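Here is the structure we will look at, set down as structure tokens.
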Amino acid sequence: MNITALTLATLPLADWFQSSAGQQWIVAILLCFVFISFIREWFPVEITSLCAAALLMIFGILDSKEVLTSFANSGPLTVVCMFILSASLEKTGLIAELSKLFNKISKGNELIALIAITLGALAVSPFVNNTPVVVILMPVVLSFCREHGIAPSKLLIPLSFATILGGTCSIIGTSTNVVVLGQVQKLGYDAVKMFTMTPMGLLYAIAGLAYIWIFGRKILPNRETLSTLLPQEAQRDFLLQMRIVNNSPFIGATPLELTRTELNGMRIIEVRRKGVTLQDELTQITLQEGDRLLVLCGKKKISQAREARGVDLGWDESRGLEALEQRDVLIVEGMVDIGSEFAGHTLEELKLRQKFNVLVLAIHRHGKNITNDLNQNTRLNEGDTLLLEGAQNGMERLLRKRRLIPLSRKIVEVHNKNKRVWAIAAMAIFILFGLLGSFEQYGAFFAFFAQFDPFYLAFVAALLVIMAGCIKPREAYRSVDWSIIFLILGMLCVGDAMSKTGLARTIAEAVVGSVGTLGPLFMLSVMYMLCSTITEMVSNNAVAAIMAPLAYEMAIKFGVDPMPFIMAVMFGASASFATPIGYQTNTYVYNAGGYKFSDFLKIGGPLNIILWIVFTLAAPIFFPF
């Protein structure tokens with residue numbers, strides 16, 4: 001027999017793979033591996049998601065046409081448009097106006113600041129992606145806290161929580177809701193409009209803010225940030241340039257050996273030879289005549305540097321300390337952005353000293369400040385907060401061109417204020433059409449607007465701000481967090497596989513058969529809590545994509561309207577308050593506020609329970625079975 005003639009089609013195992021039960025088992029096992037990979041972080045979440053889609057094609061569960069159909073889903077495309085709209089509001093300076101209003105209202109009072117920042121974030125988040133809201137407001141909050149002696153940890157968690165609560169008030173407030181909408185529309189259910197969940201969302205948000213204002217603020221920790229760790233003598237003010245003179249005793253020595261003499265206490269950050277910056281480490285450089293050194297030192301060390309043997313500052317005595325070689329040095333806090341090219345690289349690989357004249361003094365990670373163990377082999381992670389020191393021009397270049405979010409120094413950006421009216425008009429049309437379409441049951445006038453789904457409106461609005469010049473095409477492309485988009489695309493394929501193979505229906509039948517006597521209200525409450533629990537460990541978008549088909553099938557088996565079960569997924573998948581890893585805004589404030597993992601559990605745990613009770617009691621009122 002020709003062995004090559006054997007194919008899987010002739011084997012009993014192949015028949016099992018093609019059977020309904022076999023395909024359900026494959027999807028279920030794949031789903032387990034996906035969740036484990038998300039939690040253990042074997043690969044970036046978007047890569048895991050796309051690998052799952054690829055495996056579904058390999059096993060023949062989805063064909064290429066079905067995968068491409070998922071990739072053309074309106075959900076992720078709507079999210080892309082919302083990223084662009086949010087960026088246009090930022091570029092035209094509209095979101096930045098919030099910072100001015102915040103400082104004007106707060107007046108140095110911690111409680112007033114807490115109320116102002118949470119209300120402001122809550123008001124913006126239903127219409128703007130909450131990630132840029134947090135990124136823009138974090139430096140504002142940190143600056144306010146430094147100025148008035150308030151711990152940033154008292155305000156940053158409330159800022160993140162407020163944006164999450166605000167995002168539940170509309171379809172476009174969070175990508176989670178958009179993903180759920182895309183899934184149920186593919187199942188043939190189109191009753192969810194842009195502001196269908198708004199009444200429930202407002203009650204939900206009010207309950208959350210009341211907890212934060214009355215109880216949560218009392219258990220918020222008083223954590224230090226990196227800038228408070230520097231002793232007073234470490235606040236260096238000047239960057240000096242020195243030259244190795246003829247017959248210097250340091251010729252042939254390393255730069256570090258030079259600092260063990262009269263220059264003790266100074267820090268060499270760069271060596272230039274014939275106008276070229278040497279890329280080698282300081283321990284591997286042998287000094288030559290004419291080499292120029294960039295040295296950090298305090299004011300008291302300047303006169304000592306002038307008298308040091310073997311080096312020359314090149315100053316004109318008549319000009320004294322006002323020489324051109326003396327430049328201001330900044331100490332700045334910056335955070336490694338999600339998706340930054342810095343993440344995963346060591347300090348040695350990044351060569352910040354050689355490229356930007358910037359030193360990393362300390363790193364804050366997972367509630368701990370890394371100072372004593374800091375070395376060139378230290379690898380940076382997403383969300384790390386860095387304490388940076390260097391010359392102003394290098395610091396500006398680093399913060400502008402690299403994926404670092406400035407926390408203690410606001411980079412001056414030119415806003416297209418003359419284009420602001422177009423950004424406002426685009427957002428106003430987007431919101432108005434969506435709002436009117438939510439009342440289609442009240443007549444033909446409202447029904448006309450209901451035909452414009454969120455993707456249609458978002459696409460037109462995004463195109464308008466680009467054509468009007470509110471944001472450049474290249475800036476629009478960069479504004480999209482493509483890791484989120486690819487995560488959503490892959491998980492939509494997994495959700496499709498659950499529906500196609502009947503796995504979602506099988507699970508729904510098993511659950512309803514087990515707890516059917518307890519009624520749909522009990523199952524609705526369980527569905528919310530299940531989504532809320534899983535989203536603390538796994539991306540909220542992944543939870544939304546997987547649980548939406550299951551929730552729909554469960555409602556069908558109970559013989560009730562799917563709307564309350566769909567809402568349970570929307571609200572539950574966004575209810576990530578007990579960990580810093582379930583929601584991106586929590587990850588941003590985690591290290592910036594000096595928090596520990598347990599801080600989120602202490603504050604967010606009770607909030608999760610309160611919101612679960614609120615949803616269970618209120619959902620049947622707003623969305624009757």
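The values are calculated or read from the model by the stated rules, or taken from the named source; none is laboratory data. All of these numbers come straight from a predicted model, not from anything done at the bench. Don't worry about glycine lacking a Cβ; one is built from the backbone with ideal geometry, like all the others, and counts go over all protein chains shown. Side chains are part of the model used for accessible areas, which takes the heavy atoms of the whole protein and leaves out ligands, DNA and RNA. Shrake-Rupley method; radii C 1.70, N 1.55, O 1.52, S 1.80 Å.
Looking across the stretch 31-51, the residues that are buried (at least 20 other Cβ atoms within 10 Å of the Cβ) and not charged (D, E, K, R) come down to V34, F38, V45, T48, S49. Can you name the residue in the stretch 524-547 that is surrounded by fewer than 24 Cβ atoms within 10 Å (Cβ to Cβ) and among the aliphatic types (A, V, I, L, M) and, of all such residues, is farthest from G502 (Cα to Cα)? Filtering first and then ranking leaves M537. Looking only at the stretch 571-625, residues that are within 30 Å of F558 (Cα to Cα), open to solvent by less than 60 Å² (accessible area, probe 1.4 Å) and part of a loop (DSSP other than H, G, I, E, B) come to 3 in all. Residue-level check: of (1) crowded, with 24+ Cβ neighbours inside 10 Å; (2) in contact with a Cys (Cβ under 8 Å, 6 or more places away or on another chain), A497 misses just (2).
Among the residues making up the stretch 548-561, those that are open to solvent by 10 Å² or more (accessible area, probe 1.4 Å) and either of a type outside the set (A, V, I, L, M, F, W, C) or part of a loop (DSSP other than H, G, I, E, B) (or both) are Y552, E553, K557, G559, V560, D561.
Here A504 meets each of (1) crowded, with 19+ Cβ neighbours inside 10 Å; (2) in contact (Cβ under 8 Å) with a residue 60 or more places away in the chain with one exception, condition (2). Output yes when any residue across the stretch 422-432 is at pLDDT below 75 and crowded, with 16+ Cβ neighbours inside 10 Å, and no when none is. The answer is no, given that none of the residues of the stretch 422-432 is at pLDDT below 75 and crowded, with 16+ Cβ neighbours inside 10 Å.
When residues in the stretch 443-485 are screened for being aromatic (F, W, Y) and either under 14 Å from S88 (Cα atoms) or modelled with pLDDT of 85 or more (or both), 2 of them pass. Taking the listed residues V128, V135, V192, V140, the one that is touching a helix residue (DSSP H, G or I) at 6+ places or on another chain (Cβ under 7 Å) and buried (at least 24 other Cβ atoms within 10 Å of the Cβ) is V128, with no other qualifying.
Here E147 fulfils each of the conditions (1) surrounded by fewer than 24 Cβ atoms within 10 Å (Cβ to Cβ); (2) assigned to a helix (DSSP H, G or I); (3) within 21 Å of the chain's Cα centre (by Cα) apart from (3). Would you confirm, using the coordinates I've provided, whether V460 is open to solvent by less than 10 Å² (accessible area, probe 1.4 Å), β-branched (V, I, T) and closer than 30 Å to F195 by Cβ? So V460 fails the test. Only one entry in G93, G75 is open to solvent by less than 10 Å² (accessible area, probe 1.4 Å), in contact with a Ser or Thr (Cβ under 9 Å, 6 or more places away or on another chain) and touching a residue at least 40 places away in the same chain (Cβ under 8 Å), namely G75. From the list E289, E333, the one residue that fits, being modelled with pLDDT of 75 or more and within 36 Å of the chain's Cα centre (by Cα), is E333.
Residues checked against (1) closer than 27 Å to T78 by Cβ; (2) at pLDDT below 85:
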site	(1), (2)
T92	yes, yes
F102	no, yes
L114	no, no
V140	no, yes
L156	no, no
S160	yes, no
T163	yes, no
I172	yes, yes
